[in-house]
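Step one of this worksheet: look at the structure below.
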Amino acid sequence: MLGIGIDTGGTCTDAVIFDLDTKEVLGSGKAITTKTNLEIGIANALDTLPKELMDQVESLSLSTTLATNACVENKGYRAKLLIIGTTPEMIEQLTQVLSKYGINDMSQLIAIDAKAENLYEDHFDPDWDELKERIPELFADCDSIGVVQTYPDANGGRFELTALRVLKEGVTMPVTISYDISQETDFLKVCASTLLNARLIPLIAEFMEAVHHVMAERGLDVPLTIVRSDGTLMSEEMARTCPVETLLCGPVASVIGGCVLAKEDSAILVDMGGTTTDLALVQKNNPVMAKGGIFIGQYRTSIKGLDAQAMSLGGDTAVRFKDGKLYLDSVRVIPISVLAYQYDNVLPRVQEFAKRRDKHTRWIHEFYVLQKDISGRKGYTEQEQKICEILKEKPLITQDLLEAGGWDLYHLNTERLEQEGVIIKSGLTPTDMMILKGDFDKYDGEAAKVMAKFVALCVGVQPEQLPDMVYEFVVKRMYMNIGRFILQHQYPEQREFLSMDEADVFLNCFYDQAIRDDEDRIGHTGITTPYPLIGIGAPIHVFLPRVAKLLGTRAVIPEYAQVANALGAAAANRVSRFDVRVIAKYRYGTCIGYTVVTEGEKHLIEMREEALDFGRKFALESIKKRAQFQGLGDDPVIDLTEEEIHIKQSGVLLEIDIHAVAHSRAF
């Protein structure tokens, strides 16, 4: 059986054709990801595969870093979160707490009061009529809506389900509810996950449409699936409803692909792309999964998945300067060599600009590039609309954009456009440095050379010194993040501290010590690990061997490392999971029964075995629906297991969790 895997990253789109029976790669290819039109990059990558094998393909699986990058860079579509069961005043009191979960803009939150039955004696529903009337006012400036309810277990999420019906009658935009996403009990995690899911729905829908058009043009009529955060595959329908489930699907695909390629039973996977470098741990052939939900970028979510960390380091990370000093920023820009390769006007303008040999304190050498057309869309200022209209013709260097719009540098406001991915900058990056050093031989190296001279002038170094300086920045950031990752797994009780900026003081000391040890050749006293580092991604071979040496281990760069994510997508399994909680209820220290919450309803059952039978039946019904939703077919193989949760000190039973797992018959 042959399958195609496609991975759409922030910089490149990769494709492989894979024999699922023999585990053999039969063809692979790479193309630039075209953000303005994803179809182009997908089509170009797909067309690198052997055409004579296309008729034999039976499946097409996807992975993408679009959602991951949106979180790391805090970009995405606009969304509002309707919170039922609270008030604006209560939300305001939670501002600082919400920010710890990634919700920093309180204007995204809309609160309506309600009290659920089975919990409050004075229970009451939200004012649904008022909500209907206010829909145009509340949701006019967003692209999607999330709905979450406080204490959904009390009435099976009835408020959410009603709100879903009300909103769908009044808007055409996507609406998602927390019930679709998670059974998490941490309410703030649920809020973060639901809001993030709403922001990602248009992004993933756009991606799916692009894939469909490319498939139709090539006569490919096969099932379409996408990798989930836990390394399994889900159906297109599920991906469109729950795009937050694609968080870290790029990293988890790289783990699957890396393990297939490297044949190491325990290792640290280091996947370096254009925007991020992702880290994951494999122990005895099993990827280590996150406890308590994925924590990515600024978001603390309830999504179950790989225990991976995404650092803002990639081939497209911006190389910038401040106060005359060079540094590596945390944002992605288009490498100037790539932009010059794509647009004829870029190289001549860079050459003309650099001729003046003027030193600057701002990055006025960077270009602005339009990514999305916002013509006619509400919610943008007159300046924002004008910026995008000017950039429709071609990318412009900062000075030219200012002149075209009649603005000065200090009144040019592009921050929101950049955050929402409407425009992106282009400048100097590690990719450009790799081209200058001869480690990469694509795109327009002359543009990189000219811009490097300008940046070198601004920071007071020789142009030939610049690439080595940037290489050292990349090695240090990679070392510190991998070192942090190693320490977090060695000392899990210190994980929270090690994720804080304060830990950088110690990591800097470890790095300096590792550098001295490497130079003196007298031993290794810094951070070490027995695990090899498996390198994935196009730039990884340049930097990982040196980082591995500083960490006292070895780097493994397998064949097809550049397309491992696409391989992982093709090789992933189809598995579905659903959990049911049978919660023990006590009065005066005596168990009086058990509660099971189903969709829209809460059940109290006196006898334990009856409650378990009810829970098992509901788990079976639900897993069958979810399996079909996930694309496993109508007759999956289903396993049920049960887990008792007790209070450690007293041994008192808290709940019995019923775990339902389904996989397809062909698994």
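The values are calculated or read from the model by the stated rules, or taken from the named source; none is laboratory data. This structure is a prediction, so every number in the text was calculated from the model and none was measured. Neighbour counts are summed over all protein chains in view; Cβ atoms, including those assigned to glycine, are modelled from backbone coordinates with ideal geometry. Areas reflect the complete protein model, heavy atoms only, side chains present, ligands, DNA and RNA absent. Shrake-Rupley method; radii C 1.70, N 1.55, O 1.52, S 1.80 Å.
Among the residues of segment 647-667, is there at least one that is among the aromatic types (F, W, Y) and closer than 30 Å to E24 by Cβ? Write out each step before concluding.
Going through segment 647-667, the residues among the aromatic types (F, W, Y) turn out to be 667.
Filter again for closer than 30 Å to E24 by Cβ, leaving 667.
Yes; the residues of segment 647-667 include at least one that is among the aromatic types (F, W, Y) and closer than 30 Å to E24 by Cβ.
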| Number of the condition not met by E643 [criteria: (1) under 30 Å from Y588 (Cα atoms); (2) of a type in the set (D, E, K, R); (3) assigned to a helix (DSSP H, G or I)] | (3)
| message | Can you list residue pairs whose Cβ atoms sit under 7 Å apart, with the first residue in segment 497-510 being closer than 13 Å to G483 by Cβ and open to solvent by less than 40 Å² (accessible area, probe 1.4 Å) and the second being modelled with pLDDT of 80 or more and of a type in the set (S, T, N, Q)? Count only pairs 6 or more apart in sequence or on different chains. | response | L498/Q488
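On the given criteria, is G146 surrounded by 15 or more Cβ atoms within 10 Å (Cβ to Cβ), modelled with pLDDT of 90 or more and either part of a loop (DSSP other than H, G, I, E, B) or touching a Ser or Thr at 6+ places or on another chain (Cβ under 9 Å) (or both)?
Numbers: surrounded by 15 or more Cβ atoms within 10 Å (Cβ to Cβ): yes; modelled with pLDDT of 90 or more: yes; either part of a loop (DSSP other than H, G, I, E, B) or touching a Ser or Thr at 6+ places or on another chain (Cβ under 9 Å) (or both): yes.
Yes, satisfied.
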| said: With the requirement that a residue be touching a Ser or Thr at 6+ places or on another chain (Cβ under 8 Å) and of a type in the set (A, V, I, L, M, F, W, C), what does segment 282-307 give you? | reply: V282, I294, F295, I296, I303, L306
| field | Extreme residue, farthest from L533 (Cα to Cα), among residues of segment 244-267 that are crowded, with 24+ Cβ neighbours inside 10 Å and of a type in the set (V, I, T) | value | V244
| message | I want to confirm something. Restricting to segment 528-560 and keeping residues that are open to solvent by less than 20 Å² (accessible area, probe 1.4 Å) and part of a helix (DSSP H, G or I), which single residue is farthest from D512 (Cα to Cα)? | response | I540
| task | Hey, can you tell me all the residues within segment 108-127 that are modelled with pLDDT of 90 or more and open to solvent by 40 Å² or more (accessible area, probe 1.4 Å)? | result | D113, K115, D122, H123, F124, D125, D127
| said: Being over 24 Å from I534 (Cα atoms), of a type in the set (D, E) and modelled with pLDDT under 95: is that true of D501 here? | reply: yes
| request: List every residue pair whose Cβ atoms lie under 7 Å apart, where the two residues are 6 or more positions apart in sequence or sit on different chains, the first residue falls within segment 31-45 and is over 12 Å from D14 (Cα atoms), and the second residue, located anywhere, is assigned to a helix (DSSP H, G or I). | output: T34/I40; T34/G41; L38/E206; L38/F207; L38/A210; E39/A210; E39/H213; E39/V214
| note | Only one of V563, V575, V582, V597 is surrounded by 19 or more Cβ atoms within 10 Å (Cβ to Cβ) and at pLDDT 90 or above, namely V582
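Considering segment 405-433 alone, what residues qualify as being small (G, A, S) and either in a loop (DSSP other than H, G, I, E, B) or buried (at least 21 other Cβ atoms within 10 Å of the Cβ) (or both)?
G406, G421, S426, G427
For segment 434-451, does any single residue satisfy the condition of being assigned to a helix (DSSP H, G or I), in contact with a Leu (Cβ under 9 Å, 6 or more places away or on another chain) and without any contact (Cβ under 8 Å) to a residue 60 or more places away in the chain?
We begin by selecting, within segment 434-451, every residue assigned to a helix (DSSP H, G or I); these are 434-437, 445-451.
Remaining after also requiring in contact with a Leu (Cβ under 9 Å, 6 or more places away or on another chain): 436, 445-451.
Now restrict to residues that are without any contact (Cβ under 8 Å) to a residue 60 or more places away in the chain: 436, 449.
The answer is yes, given that some residue of segment 434-451 is assigned to a helix (DSSP H, G or I), in contact with a Leu (Cβ under 9 Å, 6 or more places away or on another chain) and without any contact (Cβ under 8 Å) to a residue 60 or more places away in the chain.
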| note | D221 fails exactly one of (1) in contact (Cβ under 8 Å) with a residue 24 or more places away in the chain; (2) surrounded by fewer than 18 Cβ atoms within 10 Å (Cβ to Cβ); (3) assigned to a loop (DSSP other than H, G, I, E, B), namely (1)
| note | Residue pairs qualifying under the 6 Å Cβ cut-off, at least six apart or on distinct chains, with the first in segment 151-167 being on the phi > 0 side of the Ramachandran plot and the second being open to solvent by 10 Å² or more (accessible area, probe 1.4 Å) and among the basic types (K, R), are G156/K602
| query | Picking from L402, L396, which residue would you name as being more than 31 Å from the chain's Cα centre (by Cα), at negative phi and either surrounded by 16 or more Cβ atoms within 10 Å (Cβ to Cβ) or charged (D, E, K, R) (or both)? | reply | L402
| Subset of segment 332-347 (residues that are open to solvent by 10 Å² or more (accessible area, probe 1.4 Å) and part of a strand (DSSP E or B)) | R332, I334
| In segment 195-228, the residues that are over 20 Å from Q108 (Cα atoms) and charged (D, E, K, R) | E206, E209, E217, R218, D221, R228
| So which residues in segment 189-209 are closer than 20 Å to T95 by Cα, touching a helix residue (DSSP H, G or I) at 6+ places or on another chain (Cβ under 6 Å) and open to solvent by 10 Å² or more (accessible area, probe 1.4 Å)? | V190
| said: Could you go through segment 604-616 and let me know if any residue there is in a loop (DSSP other than H, G, I, E, B) and modelled with pLDDT of 90 or more. | reply: yes
| Among (1) surrounded by fewer than 16 Cβ atoms within 10 Å (Cβ to Cβ); (2) more than 17 Å from V214 (Cβ to Cβ), where does N37 come up short? | (2)
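Filter segment 149-186 for residues that are in a loop (DSSP other than H, G, I, E, B) and of a type in the set (S, T, N, Q); which is modelled with the lowest pLDDT? Walk me through it before giving the result.
Start the filter on segment 149-186 by keeping residues that are in a loop (DSSP other than H, G, I, E, B), which leaves 150-151, 155-157, 171-174, 181-186.
Of the ones still in play, those that are also of a type in the set (S, T, N, Q) are 150, 155, 172, 182-183, 185.
On the way: T150: 92, N155: 83, T172: 90, S182: 72, Q183: 67, T185: 71.
The residue in question is Q183.
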| task | Please specify each residue of segment 276-301 satisfying the condition of being open to solvent by 10 Å² or more (accessible area, probe 1.4 Å) and either assigned to a loop (DSSP other than H, G, I, E, B) or in contact with a Cys (Cβ under 9 Å, 6 or more places away or on another chain) (or both). | result | K284, N285, P287, V288, A290, K291, G292, G293, G297, Q298
